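Coordinate-derived values only; no laboratory data. No experiment lies behind these values; they were computed from the predicted model shown. Positions of Cβ are backbone-derived with ideal geometry, glycine not excepted, and every protein chain shown enters the neighbour counts.
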Amino acid sequence: MVSNLPNESLQHIFSYIKDTNTLYSIIQVNHTWCENGIKFLWKNPFKNSYENPHRNNLHLINRTKILPILIPNLKRDNIITSDTLFYYHCFITHLDFDNLFRIVLTFFERNKQDIKCATEFMEQFRPGTSSLFVCSQNENSKLKQILTVISIILTILANGSANIKWLKIELKNDDIKKLLHNKENNEDDPDGISLSSDIIRDTVTKIEEYLIANLKLDKTKILFMNLEYLECGQLSFKLPTLEILSNVCKNLKVIKIDERYFQIIQRPLISLIKNQYNLEEIRIAGIFNNPLNPNYEEIMYGIISSLKSVSHSIKKIEICGLIIINDETFSFLCKCKKLEILKLEDSYISSKNFEWIALAELPKLCSLEIVNVSSNEEIVKITNPIRVISQNKIILKNLVELVIENIFIENHNLLEVIGENCRNLVNFFTIITADNDISSLFTILKNNLKLKDLRLTLPTLYFSNVNTGFIIELAKSLPRTVNSIYLSNLINSVNEYKEFLENCKVDELIYFMINFSPINDISNIDECEEFVKRWTEEKRKMMLDFYKQEDDCCKVYVLWGY
C-alpha cells in the first residue's frame with residue numbers, strides 16, 4: 001500500500017507534484033502524508049498562478065490567506081514560537097517579490113472595509129519589536145502598511161531557518177497604478193491610466209529604499225547565501241540589489257536580468273557573474289530601440305565577455321534586445337563546451353560574432369534560436385550571416401531544435417545548408433524568402449524523420465518572391481512523427497485548408513494553426529469548423545479546442561487530444 005511507504009519515498013514522489021490543489025489534497029489524506037507533503041505545498045507560497053492563468057484573481061485572493069498564518073510567527077522577544085501545527089516559514093525556498101507585493105496589496109484591498117481587522121493585524125508590530133524595519137510615519141498609509149508587512153515577512157524568514165534558493169525581484173506598472181489609484185480624488189481618470197511616470201518612479205524609489213534597507217541587514221543576507229535562481233525585471237532596483245547579492249551569492253545557477261540602462265549596473269552585474277562557481281543559465285535582455293549610451297559598445301562587451309569566467313559550467317545563454325557591435329564579444333564561446341541552448345532575439349549581432357559562434361565546437365548544443373536578429377547591412381545583401389553557423393557540422397549534428405526567423409535577412413541558400421547538415425531536428429521554425437527555399441525545405445523534412453513541431457512563415461516582405469503552390473505537396477511529405485503544425489501566410493483559401501488537412505498523413509496531429517494569407521478575402525471561414533469536426537470524427541480523435549478569428553488576418557486554431 002502507498003500509505004505504508006517510507007517517508008523518503010513519499011517525499012520523493014511528492015517532490016514531482018507542482019499543482020497546488022493536488023498538494024493540498026495530499027496533506028489531508030492522513031498525518032503521515034501531511035508531514036511529508038506540507039513542505040512541498042509551502043515551498044513557494046508566493047508564486048504566480050501559472051497553473052490556471054484564467055483564475056488569477058481567485059488565485060490572489062486565496063494567496064492572501066497565507067499572511068495571517070505567517071505573521072503570528074513573529075514575537076516581541078525575537079524567539080520564534082507558533083500556535084500552528086508547523087513552522088510554515090521554514091519550508092519557504094522561493095521568494096517572488098513581484099507576486100508578494102501583489103498578494104499583500106490584494107489583502108488590503110479585500111480588507112479595506114474591515115478597519116478593525118487591518119488595525120489588529122498591524123498593531124502586533126510596534127517600534128521596538130523584532131521587526132527588521134519600520135516604515136517612516138509620513139509615508140502614504142497604504143504603502144506604509146504594504147511595505148511593513150513585506151518587511152515583517154522578510155523578518156520571519158530571517159529569524160527562522162528559511163533557505164531561499166529562488167528569488168524574483170520585479171514590480172509591474174499595473175500594480176503601482178493600483179496602489180496609487182483613488183477614484184474619489186481622480187474622477188477624470190477613473191482607471192488611473194494617466195498617472196505620470198514621475199509619480200510611478202517616485203513610488204518605486206520608495207519601495208526600493210525599504211527593500212534595500214532589509215537586504216543590507218546581516219540576518220537577511222543569510223537568507224540568500226544558498227540562492228540558486230535570481231531574476232530581476234525592468235521595473236526593479238538592480239544596482240543596490242546586485243551590489244549586495246554579488247558579495248553574498250556564490251552558487252547561482254540561473255541569472256535573468258532585464259534592464260534599460262546597462263551602464264548603471266555594469267560593474268555589479270559583472271561582479272555577480274564572475275563570483276559564481278557553477279552558473280548554468282543566463283538571460284541578459286535590454287531594449288533594442290533604447291538610445292545608446294556613448295560607451296554602449298564597451299559596456300556590452302564587458303558584460304557579455306565576462307561569461308568567459310563561467311564558460312566551464314554555462315549551459316544556456318539568452319541574449320535579447322541588445323546591440324553587439326564589438327567583433328570580439330562572442331569570442332568566449334569557444335570555451336563553452338557544456339553549452340546546450342543559445343538564443344539570440346530582437347538584437348543586432350555583427351557578422352564577425354556569427355563567425356565566432358561558427359568557430360566554436362559547442363559539442364552539446366541541442367537548441368539554437370536566432371529570431372528577429374539583424375546584422376551588417378553590406379553583408380546581408382549578399383549572404384545570410386547565420387549560414388556560417390549552419391556549415392559547422394559539429395554544431396548541427398546534435399541540434400534537436402532550430403529556430404531561424406529573421407524577417408529582414410533574406411535566406412539566400414541558408415535552408416540548403418541546413419538540409420545538408422541537420423539530421424536530428426525535433427522542432428524546426430523558419431521563414432520562406434524565395435522559391436529556391438522550397439526544395440531545400442523538402443530536403444530538411446526528408447532528412448529529419450523525428451520532426452514533431454514545424455512552423456513556417458512567409459513574411460509579407462517576400463510575397464512576390466514565393467509561389468505557395470507547393471503547400472499540398474508539403475502536407476504529403478511531412479514526417480509521420482509531426483504533431484504540431486503552424487503555417488503563416490502560406491494557405492490562401494478555405495479549400496486549400498481542407499485539402500492540406502486531408503493530405504496530412506501524420507500519425508498524431510495535436511496542434512494545427514493557420515494564418516491565412518492576407519492578400520485573399522476569406523469570407524467562408526466558418527466552413528473550416530464544419531470540416532474540422534467531420535475530419536475529427538473520421539479520424540476518431542477528440543477535439544479539445546477550436547478557435548477562429550476573422551479580421552484583417554484570418555486565423556484558425558485547432559487542438560486535439562491524444
Could you run the Karplus curve 6.51 cos²θ - 1.76 cosθ + 1.60 with θ = phi - 60° over region 4-15 and give me ³J(HN,Hα) per residue in whole Hz, x for Gly and Pro?
9, 5, x, 4, 4, 5, 4, 5, 5, 5, 5, 5
Residue-span extension gain [residue 18 to residue 274] - 0.36 nm each, minus C-alpha spacing:
88.9 nm
With θ taken as phi - 60° and the coefficients 6.51, -1.76 and 1.60, list the Karplus ³J(HN,Hα) couplings across region 356-365 in order, rounded to whole Hz; mark glycine and proline as x.
5, 5, 5, 6, 6, 6, 6, x, 10, 5
At what distance in nm do the modelled label points of residue 449 and residue 473 sit from each other, each positioned 7 Å from its Cα along Cα→Cβ?
2.2 nm
Have a look at 462, 398, 384 and report the one farthest towards the positive end of the charge dipole of region 336-470, computed about the Cα centre with Cβ charges (Lys/Arg +1, Asp/Glu -1).
398
Can you put 296, 562 in order, fewest other beta carbons within 10 Å first?
562, 296
What is the spin-label model distance, in nm, from residue 381 to residue 439 if the labels are put 7 Å beyond Cα along the C-beta direction?
2.8 nm
Could you please rank 42, 560, placing first whichever residue has the fewest other Cβ atoms within 10 Å of its Cβ?
560, 42
For region 217-299, what is the charge dipole size about the Cα centre, in debye to the nearest 20, if Lys and Arg each add +1 at the Cβ and Asp and Glu each add -1 at the Cβ?
220 debye
Computed FRET efficiency, Cβ-Cβ of residue 204 and residue 538, R0 60 Å: what is it to the nearest 0.05?
0.55
Collect residues whose amide H, placed 1.01 Å from N in the peptide plane, falls under 5 Å from the amide H of residue 374; neighbours closer than 5 in sequence don't count.
347, 348, 349
Per residue of region 19-30, what does 6.51 cos²θ - 1.76 cosθ + 1.60 with θ = phi - 60° give for ³J(HN,Hα)? Whole Hz please, x for Gly and Pro, Karplus curve as stated.
5, 4, 4, 5, 5, 5, 5, 4, 5, 9, 5, 6
Would you give the gap between the C-alpha center of region 344-421 and the C-alpha center of region 248-323, rounded to a whole Å?
22 Å
For labels at residue 548 and residue 526 in the simple 7 Å Cα→Cβ model, what's the distance in nm?
0.8 nm
Exposure proxy check: 148, 205 ranked by fewest other beta carbons within 10 Å?
205, 148
First measure r as the distance between the Cβ atoms of residue 292 and residue 247, then evaluate 1/(1 + (r/R0)^6) with R0 = 35 Å and state the FRET efficiency to the nearest 0.05.
0.70
Between residue 334 and residue 461, how high is the FRET efficiency from 1/(1 + (r/R0)^6) when r is the Cβ-Cβ distance and R₀ = 35 Å? Nearest 0.05.
0.50
Using +1 on the beta carbon of Lys and Arg, -1 on that of Asp and Glu, and nothing else charged, what's the dipole of region 483-562 about the Cα centre, debye to 20?
340 debye
For each pair in 397/541; 216/253; 315/555; 476/555; 47/397; 274/352, compute the distance between the two Cα atoms and list the pairs where it is over 27 Å.
397/541; 315/555; 47/397
5 Å is the cut-off here: which amide hydrogens, built 1.01 Å from N in the peptide plane, fall below it relative to residue 482, excluding neighbours closer than 5 in sequence?
507
If amide H atoms are built 1.01 Å from N in the plane of the peptide, which residues on other chains or at least 5 residues away come under 5 Å of the amide H of residue 256?
230, 231, 232, 283
